[in-house]
Structure formats: structure tokens, C-alpha cells
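The values are calculated or read from the model by the stated rules, or taken from the named source; none is laboratory data. All of these numbers come straight from a predicted model, not from anything done at the bench. In this analysis, Cβ positions are derived from the backbone assuming ideal geometry, glycine residues included, and neighbour counts consider all displayed protein chains. What goes into the accessible areas is simple: the full protein's heavy atoms, side chains included, and nothing from ligands, DNA or RNA. Shrake-Rupley method; radii C 1.70, N 1.55, O 1.52, S 1.80 Å.
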Amino acid sequence: MDKFSDYPTSLTAPARDAVPIVPNDAADLAVLPRALFIGQTGDVSARLAGGQNVVFRNVQAGSVLPVRASRVNSTGTTAADILALW
């Protein structure tokens, strides 16, 4: 039993769900995540919820990027095993 299940989900609460991301230059993510988990070291090219395109360089495996990314681009992304967390 989860005694905290009645608490509302917020941007500062731990993630409750995750889904693998397949980087794509044309399609937005189905859900706007609260963060990205990076499984294998590399660069992450993303469009943020505010519309900015950015590249996070040399993100280490096991890192959590606390960004609201609407898209993870395939061009410029060399990191792998990326999860959307929300």
C-alpha cells in the first residue's frame, strides 16, 4: 500500500511514470515530461517547452536532466536509453 498515493503530483514530487524516448526531429513527445533520464553518456539535443532548441553536451549515464522537453531530436543526440519522467 502506498500511503502517499493521495498526495497530488507536482513538478517537485518524485516521478510516478516513465516511458522510453525515441529521438525524432519532427514529432513532439506524447507527454510533456518533468525530466529526462539519460541511460548512456552522450549529447542530448532537445526542444524545450518554451520553444528553445538546446544541446546538452556530454551528459553522463545515470544523469537526470530536470528540463521540460517537448521533443528530443535525433539530429545531435548521441546519448541513448533516454526515459521521459513525469
Task: 3J(HN,Hα) from dihedral phi, segment 18-28, Karplus parametrisation 6.51/-1.76/1.60, rounded to Hz, x for glycine, proline - done: 8, 8, x, 10, 9, x, 8, 6, 10, 10, 6
TODO: Would you work out what percent of the accessible area of the chain, with all protein chains in place, is carbon or sulfur (probe 1.4 Å)?
DONE: 56
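May I ask you to derive the FRET efficiency for residue 11 and residue 40 from their Cβ-Cβ distance with R0 = 30 Å, giving the value to the nearest 0.05? Spell out each step's value before the answer.
Values: r = 26 Å, r/R0 = 0.87.
That pair, residue 11 with residue 40, gives E of 0.70.
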Open item on the list: Springs between alpha-carbon pairs under 10 angstrom, Gaussian network model over the chain: which of 66, 23, 33 fluctuates most?
Closed with: 66
Open item on the list: If amide hydrogens are placed 1.01 Å from N in the peptide plane, which non-local residues have theirs closer than 5 Å to the one on residue 73?
Closed with: 24, 45, 46, 47
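Ignoring ligands, DNA and RNA, what accessible area per residue does the chain give at 1.4 Å, in Å²?
That works out to 63 Å² for each residue.
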- [ ] Just need log10 I(q)/I(0) for the chain at q = 0.14, 0.17, 0.18 Å⁻¹, Debye formula, equal scatterers on the alpha-carbon atoms, no solvent, rounded to two decimals.
- [x] -0.46, -0.64, -0.71
TODO: Choose one of 50, 84, 26: the residue whose Cα lies farthest towards the positive end of the charge dipole of the chain (beta-carbon charges +1 Lys, Arg; -1 Asp, Glu; about the Cα centre).
DONE: 50
